[in-house]
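Remarks on the structure that follows.
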Amino acid sequence: MGRIVVLLHTESDDTLSRAALEALTAARSLAADLNSEFSVALVGGLVKQVAGLVAGAGASAIYTVEGPEFHHARYSSDAAALDALCRRAEADLVIAPGTSRWNRVLPGIACRLGGRIDTHVCDIDVEGGAPVVTRWYYRQRMKARIGRTQRPWFIVCDPGSFAALEGAAEESSTESVSTPLAEAAFKTEVVGFQKPAGGGQTIRPDAELLFVAGAGWTKIQPDGNVRVGDAETLILSFLEATRASLGGSKSMVDLSSEGQETLSCMTHLNQIGQTGATPRHPKGLSTCCHGEEPHVVGWRFINERRAVNLDPNCGWAQGKADVLYVGDAFEIISKVNELLAEG
Ligand SMILES: Cc1cc2nc3c(=O)[nH]c(=O)nc-3n(C[C@H](O)[C@H](O)[C@H](O)COP(=O)(O)OP(=O)(O)OC[C@H]3O[C@@H](n4cnc5c(N)ncnc54)[C@H](O)[C@@H]3O)c2cc1C
């Protein structure tokens, strides 16, 4: 069975991300299934203020490494902290959220501690008294269930796969784990964040809604004009009002590399589909996108799907969307933005 430890880091505003709260739910449920306890290890600039929430989740012990040198993601300091925490907690089963910060450092730590790691885990069960994890392969076409005897076993959960922990904070006591950093650990200095050339952050994995823009936004419209400028204004206003995450079809994101006028907020990182991303959001709204299979396969984990298209015979009408609005996306999104502005 073994000791279960959840590894979490705080965000730049000293809170826990949704992915961290999901990892807590996963660990709590695994511990209940194994009739065991779980402890939590926290890393960050200031972690004490989330300790109450972690205690409320039922952690049997809370270990911390905190200080300004652990505020930002940096391989050397994060690796030192995780190494010290895993040893102190005598970790056998490690549950961690698949954040960009942890994804960079956890494989190295698993190797350093002589353990094994499985990433992109979307479910954890117990079979014959031992944990078994589930993950997808080959772009969500094949599912595998994996058990391991090697310990420590690092199980890195894909954000969006578990319910986020909800609960009240409780009184907590924490144990600070000393993590002396060698001079070499400071060779990398985090100086700040840069936004992509297209402007603000448009990919929001935690958003309730995925808004997808297809190539139709850049095509000649019924009035005979191309209206890329209008499209960009409408889409950015919609995103600003709803805090939705922005996705794009392959045709849309390829336009810029083909030298065509396109939305400056759209990059290849936004692409949804077979050769793009497969995000998880409760709802999705597709606009000016035909809904062909190689694109729609990326909607696999979107629960409620709606689409706006001028063409009543587009792919979304072939059973791929719950609701298809047949109409002009420029008019529809403009009206929706008006309603959103009215509150
Ligand atoms: C191996 C392979 C992998 C692929 N991988 C991906 C992938 O990962 N992701 C992906 O997206 N595609 C992928 N594709 C491409 C995919 O098959 C389609 O070509 C692509 O998704 C089409 O993009 P689109 O729907 O935005 O553009 P189009 O097919 O050009 O459709 C534009 C749509 O906009 C509508 N429209 C135009 N103006 C308006 C308006 N004013 N209001 C409402 N609707 C309007 C039109 O009716 C039309 O349906 C892949 C293809 C292959 C062969």
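We did not get these values from a lab; they are worked out from the coordinates using the rules stated. Just so we're clear, the structure is a prediction, and the values are computed from it rather than from any experiment. Using ideal geometry, Cβ is built from the backbone for each residue, glycine included, and neighbour counts are taken over all protein chains shown.
Here are the numbers:
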item	result
Sites residue 170 and residue 100 - FRET efficiency at Förster radius 25 Å, r taken between beta-carbons, to 0.05	0.25
Estimated 222 nm signal from helices in the chain, with DSSP H stretches of n ≥ 4 weighted -39500 (n - 2.57), rounded to 500	-8000 deg cm²/dmol
Relative contact order of the range 4-186, pairs being alpha-carbon contacts under 8 Å that are 6 or more residues apart, as %	30 percent
Residues 54, 336 arranged by fewest to most Cβ contacts within 10 Å	336, 54
Packing-based exposure ordering (other Cβ within 10 Å, fewest first) of 135, 227	227, 135
Sequence of 232, 208 once ranked by neighbouring C-beta atoms within 10 Å, starting from the fewest	208, 232
Volume per residue that the Cα convex hull of the range 1-52 spans, once the total is divided by residue count, Å³	68 Å³
Sites residue 178 and residue 268, calculated FRET efficiency, Cβ-Cβ separation with R0 41 Å, nearest 0.05	0.40
Whichever aspartates and glutamates have a C-alpha closer than 12 Å to that of residue 283, once near sequence neighbours (fewer than 8 apart) are set aside	206, 208, 304, 322
For residue 177, net neighbour charge (Lys/Arg +1, Asp/Glu -1) across residues whose Cβ lies under 9 Å away	+1
Relative contact order of the chain, defined on C-alpha pairs under 8 angstrom at six or more residues apart (%)	14 percent
Extreme residue, positive dipole direction of the range 209-342, given options 241, 218, 270 (C-beta unit charges)	270
Virtual spin-label span in nm between residue 138 and residue 254, 7 Å along Cα→Cβ	2.4 nm
The range 40-75-the range 104-119 distance, computed between alpha-carbon centres (Å)	20 Å
Helix runs (DSSP H) in the chain reaching 20 Å along axis by Cα, Kyte-Doolittle at least 0.5	228-242
